[in-house]
Amino acid sequence: MSPSNIIIVRLSSMGDIILTTPLIRSVRNSFPNAKITFLVKREFADLVKYNPHINEVIAFDKKGGLNALLELRERIKSGKYDWFIDLHHNLRTRFLRASLHFKSVSTYRKDSLKRLLLVKWRINLLKNGRPVFLKYFDAIARHSIQYDGLGTEVFLTETIINKIKERLRNDSVSLNQPIILLCPGASFRNKQWIPERFQQLGEQLLLSSTFQVIFLGGPSDRSLCQEIVSKMQGKALNYAGEFTLLESAALASWQLQ
């Protein structure tokens, strides 16, 4: 029997959530009449807010602790979902799927041990690893849903796009010349390139008169980006902490052209 009420779970983070969009689209195309709900942490909900393949977004606030998780469990229970697709596979999502009954459960398998070996001891067993978005499809392989080859997607509104265009015009950024976005921040320090390298890269890009350089990130990245920009030879802009996730996506979008 085809599922009619599906919940897809990926709580964080930005890149991983965007990598779920091919699967969301493919599930929708396979089950066009199903209701699809996406569960995500509140701070990342905007990334799927306007996705036309999703009927409902549940934004989970982890700051609520155990009570918030228990409330979430009750909400999922009342939703009567028949297919739980767990693309996160952490303690919270394991608790949710173990404490409730679903007709079908699909789980993304992480390469946690291989990643640990690479980060801690530089033993690389991931050389031939599959891209994360394709491993998401491995989780639902028994449903015979294939990747359509159309890539990831983030949906924007004209209001958001026009706001970014206006800001760029006010800062004398030309939409007719290439804009290079540099994002020095990361959730974990071992994922960050050192600031001096970003400074050197930015300066090399500015040597070409055709490139315009903008630093981007969240509020916690503001001071790091400002430190880099202040040391650079040549003009670069620091927009870190000034835009929402979707506004940042608009800045990186071809739709500005």
Relative contact order (percent, whole number), segment 184-229, Cα cutoff 8 Å, 6+ residue spacing
47 percent
Residue separation times 0.36 nm, minus the C-alpha to C-alpha distance between ASN29 and MET14: what's the value?
3.0 nm
Mean-square fluctuation maximum in Gaussian network of the chain, Cα pairs under 10 Å, restricted to ARG73, ARG42, ARG197, hits ARG197
For Cα pairs less than 8 Å apart in space and 6+ apart in sequence, what is the mean separation divided by the residue count of the chain, i.e. the relative contact order in percent?
17 percent
When the chain is fully extended, how far beyond the present Cα-Cα distance does ALA68 get from ARG197, taking 0.36 nm per residue of separation?
42.3 nm
Residue order for MET14, MET232 - accessible surface, 1.4 angstrom probe, largest first:
MET14, MET232
Modelled label-to-label distance, ARG142 and LYS235, 7 Å Cα→beta-carbon offset: nm?
6.0 nm
Exposure of ARG97 as accessible area (Å², to 10), given a probe of 1.4 Å and all protein chains:
50 Å²
Quote to one decimal, in nm, the extra length available between ARG42 and SER220 on full extension: 0.36 nm per residue of separation minus the C-alpha distance between them.
62.3 nm
Amide H of ASN238: which non-local residues (sequence gap of 5 or more, or other chain) have their own amide H closer than 5 Å, using H built in the peptide plane?
PHE215
Candidates (1) 122; (2) 158; (3) 104; which is the computed volume of the Cα convex hull per residue in Å³?
(2)
For LYS63, LYS49, LYS120, LYS165, write out the residues from largest to smallest accessible area, computed with a 1.4 angstrom probe and no ligands counted.
LYS63, LYS120, LYS49, LYS165
How high is the FRET efficiency from TRP254 to LEU118, r the C-beta distance, R0 51 Å, rounded to 0.05?
0.95
Taking the alpha-carbon centre of each part, the distance from segment 167-189 to segment 65-85 in Å is 39 Å
First measure r as the distance between the Cβ atoms of PHE211 and GLU166, then evaluate 1/(1 + (r/R0)^6) with R0 = 22 Å and state the FRET efficiency to the nearest 0.05.
0.50
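The values are calculated or read from the model by the stated rules, or taken from the named source; none is laboratory data. Bear in mind that the values here come from a model prediction, so they are computed numbers and not experimental data. Backbone-built Cβ (ideal geometry, glycine too); neighbour counts: all protein chains shown. Areas reflect the complete protein model, heavy atoms only, side chains present, ligands, DNA and RNA absent. Shrake-Rupley method; radii C 1.70, N 1.55, O 1.52, S 1.80 Å.
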